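Please read the structure below before turning to the comments.
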Amino acid sequence: MEIARLDATLGAEIRGVDLSRPLDDDVFAAIERAWLEHAVLVFPDQRLSDDAHLAFTRRFGRLEQGIRRRGGRVGISRLSNVDAEGQVAPRTSLQARFLDGNTYWHSDSSYKRIGAKASILAARVTPSEGGETEFADMRAAYDALDADMQAWLADKVAVHSYEFSHAPFGGLEILNAEELGHLPPVEHAVVKVHPETGRRNLFVGRHASHILGEDPAESRALLARLTEEGAQPPRVFAHRWRPGDLVLWDNRCVLHRGRPWPADQPRVMIRTTVAGDALDNEWAAA
């Protein structure tokens, strides 16, 4: 197995491993160590089946349930602008509008009481241009803050809300009232300590609405500024997808966003999500 560091404070490309086959414990341990160090791992040209994708995902923990309800569908999510008839969905459709939300920096499921541990995204169909996924290192973003800001943020808690982040993109049209009731606003520390590496990182992004105890508008602007300033070189890299590529990232310390692509071209991605490790995580599959 070869590990090549990317030209940023995060990310590495992994070659010489076939994820379509069961991994022995030593190989998986090496992948896991690389993931904890680099936070994002790119596996080129894997072309996994859904079953192989799920099997690799389960090595990292329990699968996370989808947003529709507790006990809902668990497994493969298809992030695609192709409709049920095989046509590219119109830009005004709910399917396309919902995908637009992914073009803003975020950590998957931070609007849940326990956010996602990892996400694994694979490309099936890619456009001729655009459609990259960008990743931002929130460990290095925290390190780049001056000491006064680090001290001020030390005890701050932000409210993360599905309704806040998804309402502009049709998110309230997707869920009924009962399903929305499973996604109330939740609270997360603005500065988190990674449970395995011990490194501090910012925990911000599009789902973070405001900071408790602070002026809502001012704190919302601060969270947006922390996100934007944190997601700057050398703390970011963009992956240009090719069919078969697979990328694994750590939602606990990484933000990501998709980039636009020509609206008349298809883009089909396959994603699985690993639930946070807490034993009482109501969003983790049994």
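Read the figures in this text as sums done on the coordinates, not as results from a lab. This one's a predicted model, so the numbers in the text were calculated from it and none came from an experiment. Cβ placement follows ideal geometry from the backbone for every residue including glycine, while neighbour counts extend to all protein chains displayed.
A few remarks follow.
- Computed over the chain, relative contact order equals 36 percent, with contacts defined as Cα pairs under 8 Å that lie 6+ residues apart.
- Ordering of 249-255, 118-124, 62-68, 80-86 by packing [mean C-beta count within 10 Å, highest first]: 249-255, 118-124, 62-68, 80-86
- Karplus-derived HN-Hα couplings along region 121-136 (A = 6.51, B = -1.76, C = 1.60, θ = phi - 60°), whole Hz, x at Gly and Pro: 10, 10, 9, 9, 10, 10, x, 5, 8, x, x, 5, 10, 9, 10, 10
- GluC sites (Glu not before Pro) within region 93-188, DSSP loop, no more than 12 other Cβ atoms inside 10 Å: E129
- Reducing region 87-126 and region 211-261 to their Cα centroids gives an inter-centroid distance of 13 Å.
- Farthest toward positive dipole pole in the chain [+1 Lys/Arg, -1 Asp/Glu at C-beta], among A278, P184, T126: T126
- A Förster radius of 30 Å, combined with the Cβ-Cβ distance separating E37 from D264, puts the computed FRET efficiency at roughly 0.15.
- Protection proxy ranking of 107-114, 49-56 - average other beta-carbon atoms within 10 Å, highest first: 107-114, 49-56
- Rounded is the label for region 166-283. Its Cα gyration tensor axes, ordered a ≥ b ≥ c, give a/c under 1.5.
- Cα gyration tensor, the chain - rounded (a/c under 1.5), prolate or oblate: rounded
- Chymotrypsin sites (Phe, Trp or Tyr not before Pro) within region 160-232, DSSP loop, no more than 13 other Cβ atoms inside 10 Å: none
- Near the amide H of Q46, within less than 5 Å, lie the amide hydrogens of D245, L246, all on another chain or at least 5 residues away, with H placed in the peptide plane.
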